[in-house]
Amino acid sequence: MRLAENQSEARRPLAQRAIARLMRSCVLAVVGGCLLALLLTARQATQGTIPKALACGLGNPQTMLANKIPALFYPVTPNMPQNAPQGVFPMNYAANTSIAFIEDLSRVPGAPKISSFRWKWNFGDGSGDVFIVSPTHTFTKPGTYYVGSWIWDTTANDWTSFDSAQIHIVASIPANPPVAKVSSNKAYVDLTGSVTFDAAGSHSTDGSQLKYFWNFNDSTTGTGPHIVHQFPLNGTTFVALIVTDARGAQSMATVNITIQAHSPTASLSASDLEIDAGSVVNFDGSQSLPPAGVSGEAITKYAWDFGDGSAPVTTQTATTSHRYARSGLYTVSLTVFDKQSEQATTTLKVKVLSAASAGGGVSPLVVIGGIVLLVGLTIGLYALWQQRRRARMIREYQEAQARARRSQRGPRAPGNGGNGRSGNTGAYGSYGNGRQPSRYDRVPSGQTSVQRRPSSPNGSSDTSSGRRAQRPDHSPNRGEW
């Protein structure tokens, strides 16, 4: 029992400091003319309220800038100092280097011009106060300093604390810092929902391993290249990723996030997800719903982005149409808004085909098939032409051979006695078997030869050299010379 009481007492200072820290950070400047009244509030996160403050943190725009880099909400930790400032600059700054400070009120709703206030700055290094709107200061020694800003309260005739942030000064900043990249799976999230943050694409320039540090601007932090986070309060802020390489060089990247107490639900459908170039797609967001459990809520407008570079369209109705002129893969987004201007976004992709590959044109398979068929038909016709050409050449060759043989053989001998039979009778009948006599066969006595050799130009026969025109009688069956 005694141990439990001691543990409770050990935890009580931390809780008191956390509550005090939230009370100091929950300040809203409501200015009319030159008057600024501060309202301090602190409510439970389950009620979905926003702590009102001009300082850094969830639900409030970041105001103090150092070289245009905003301070982030100071994380609540067990060892946080009692006089912890409202914010902390995430990046290191080099000593003996000029740093420009300013309170940027352009993102504070209803805030007057910054020049309408009297300002006082102190940089925590013993250099004294500075009474200008946007001072420039140089820290001569490395260390951690608290930078504070005040405005003159005309009602109390005194200076009132406006903002404060912690800044780290180092001897020097390494050259070629790493590259920081951050993304989130949601830009708008319900108060009970969670968001996934990713540092993919971040890398060092010297090849060393990176350290990943996240500041969610809600008094909490995290480490690692990927992280899931749920915000305790609704509001608009940004999440910062700080990457550090082995040399100590740093880079920062941020992503905006809006946490809503009650979010609508966005739904989007299309008449066709794959169309021809020049076709029209009809989009429908009628299934989008207002926040559940909130009476009187409704979807008031629909913001369409067709993803092809055309101007976004906002409608009061849940349907619209769009014509896609060029081929490509487009991401269409629909953002719906309710009466409280809370919003939700959803997307889908539309594939637009080119004219050559459109459904009304020729399919690539058909084109390839046609080419193959044409090549096959051409080869077949060529083979048939070659076959016919070869057959014709063979036929012509055979006919030429036949004509040559006929011209060498000469005319046939006439029949004997006009008996109407072939020359296998009569004077040549003795040769038998219907064989016609050869030019070398001996001619019977008293008859002339059927075939003679042509006479020579001097009138002599072809046997002018004393050679006989016919072979001897002893070889009657030899062929022609």
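Of note:
- Tally of residues being touching an Asp or Glu at 6+ places or on another chain (Cβ under 9 Å) and at pLDDT below 90 across the stretch 238-263: 6
- Considering residues of the stretch 314-356 that are part of a loop (DSSP other than H, G, I, E, B) and basic (K, R) only, the residue nearest to D272 (Cα to Cα): R326
- Annotation note: of A246, A266, A261, A253, the sole residue that is over 18 Å from P291 (Cα atoms), buried (at least 17 other Cβ atoms within 10 Å of the Cβ) and among the small types (G, A, S) is A253.
The rows are residues; the columns are (1) without any contact (Cβ under 8 Å) to a residue 12 or more places away in the chain; (2) of a type outside the set (D, E); (3) surrounded by fewer than 18 Cβ atoms within 10 Å (Cβ to Cβ); (4) closer than 12 Å to S267 by Cα.
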position	(1), (2), (3), (4)
V281	no, yes, no, no
G285	no, yes, no, yes
V294	no, yes, yes, no
T300	no, yes, yes, no
P312	yes, yes, yes, no
T320	no, yes, yes, no
Y324	no, yes, no, no
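- Strands (runs of 3 or more DSSP E) wholly inside the stretch 249-313 containing at least 2 residues that are within 30 Å of T223 (Cα to Cα): 250-260
- Where F306 falls short, out of the listed (1) surrounded by fewer than 15 Cβ atoms within 10 Å (Cβ to Cβ); (2) among the aromatic types (F, W, Y); (3) closer than 20 Å to G278 by Cα: (1)
- Exactly one residue out of V332, V352 is within 24 Å of I259 (Cα to Cα), among the β-branched types (V, I, T) and in contact (Cβ under 8 Å) with a residue 24 or more places away in the chain, and it is V332.
- Subset of the stretch 132-155 (residues that are aromatic (F, W, Y) and assigned to a loop (DSSP other than H, G, I, E, B)): F139
- Residues satisfying the stated conditions in the stretch 215-237, i.e. at pLDDT below 90 and buried (at least 18 other Cβ atoms within 10 Å of the Cβ): N217, D218, S219, L233, N234, G235, T237
- Segments classed as strands (runs of 3 or more DSSP E), wholly inside the stretch 161-222, with at least 3 members that are in contact (Cβ under 8 Å) with a residue 40 or more places away in the chain: 188-190
The values are calculated or read from the model by the stated rules, or taken from the named source; none is laboratory data. Nothing here was measured: the structure is a model prediction, and the numbers come from that model. All Cβ positions, even for glycine, are placed from backbone atoms using ideal geometry, and neighbour counts span all protein chains on display.
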